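Undergrad: Take this structure, written in structure tokens, and hold onto it; I'll ask about it next.
The values are calculated or read from the model by the stated rules, or taken from the named source; none is laboratory data. All of these numbers come straight from a predicted model, not from anything done at the bench. Don't worry about glycine lacking a Cβ; one is built from the backbone with ideal geometry, like all the others, and counts go over all protein chains shown.
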Amino acid sequence: MKNNVSVDMQELKESLKQKGYKLTPQRRAIVDTIIKNEGKHMTAEEIYDEVKKDCPEIGLATVYRTVLLLEDINLLSRLDLSDGCSRYEIIHEDEHHRHHHLICNECNKVFEVEEDLLDELEHRVENKYKFKIKDHNLKFFGTCDECQKKNN
């Protein structure tokens, strides 16, 4: 989990304004919840459950629309962890690519691999195929240390 969360609300306001939107109190509450829970890879429903604690009048549809909007302005990235749910995480300015994920098949925990393991491979693919790679997504499925200990 990252501790250096830096979502500049002024930049966020500007990004929304350029797309014709405002940073409403509901949108701010959603962003705050996502920031507070960074690293948890929450679904829209989980975000809604958290936001509702401080903002009881908010609707699930508002959360869905806001998450899609934040994805559209490149603040959030959608993750498909092959469990049928879309999960979301913050995109950091200093990230060139999305980071990699380890997904435990037993407990469904998601772990982030911070270093980019594919730099060398990416360069080889670009050179060999004359293909400019913009991003990549890598997921490893297996059993986490905790679940391995439980099963032994």
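Yes/no matrix, rows are residues, columns are (1) within 12 Å of the chain's Cα centre (by Cα); (2) closer than 27 Å to Cys104 by Cα; (3) among the hydroxyl-bearing types (Ser, Thr, Tyr):
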site	(1), (2), (3)
Leu23	no, no, no
Arg28	no, no, no
Lys40	yes, yes, no
Lys53	no, no, no
Glu71	yes, yes, no
Ser77	yes, yes, yes
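Undergrad: Go through (1) of a type outside the set (Val, Ile, Thr); (2) touching a residue at least 40 places away in the same chain (Cβ under 8 Å); (3) in the same structural domain as Thr33 (by TED's automatic domain parsing) and name the single condition Glu106 misses.
TA: (3)
Undergrad: Mind counting the residues in region 124-139 that are under 22 Å from Asp80 (Cβ atoms) and polar (S, T, N, Q)?
TA: Qualifying residue count for the region: 1.
Undergrad: Related question: For region 65-72, indicate whether the set of residues that are assigned to a helix (DSSP H, G or I) and either of a type in the set (Gly, Ala, Ser) or assigned by TED's automatic domain parsing to the domain that holds Glu114 (or both) is non-empty.
TA: no
Undergrad: Quick check on my filter: what residues within region 104-120 are out of contact with any Phe, Trp or Tyr (no Cβ under 7 Å at 6 or more places or on another chain) and assigned to a loop (DSSP other than H, G, I, E, B)?
TA: Passing the criteria: Glu106, Cys107, Asn108, Lys109, Glu114, Glu115, Asp116, Leu117, Leu118.
Conditions tested, residue by residue: (1) modelled with pLDDT under 80; (2) surrounded by 15 or more Cβ atoms within 10 Å (Cβ to Cβ).
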| residue | (1), (2) |
| --- | --- |
| Ala44 | no, yes |
| Lys53 | no, no |
| Glu57 | no, no |
| Leu75 | no, yes |
| Leu79 | no, yes |
| Arg87 | no, yes |
| Asp94 | yes, no |
| Ile103 | no, yes |
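Undergrad: Checking the conditions here, which among Leu12, Leu16 is in a helix (DSSP H, G or I) and in contact (Cβ under 8 Å) with a residue 60 or more places away in the chain?
TA: Result: Leu12 is the single residue among Leu12, Leu16 that is in a helix (DSSP H, G or I) and in contact (Cβ under 8 Å) with a residue 60 or more places away in the chain.
Undergrad: In region 122-133, how many residues are surrounded by fewer than 12 Cβ atoms within 10 Å (Cβ to Cβ) and assigned to a helix (DSSP H, G or I)?
TA: 5
Undergrad: Considering region 33-75 alone, what residues qualify as being among the small types (Gly, Ala, Ser) and closer than 13 Å to Arg87 by Cα?
TA: Passing the criteria: Gly39, Ala44.
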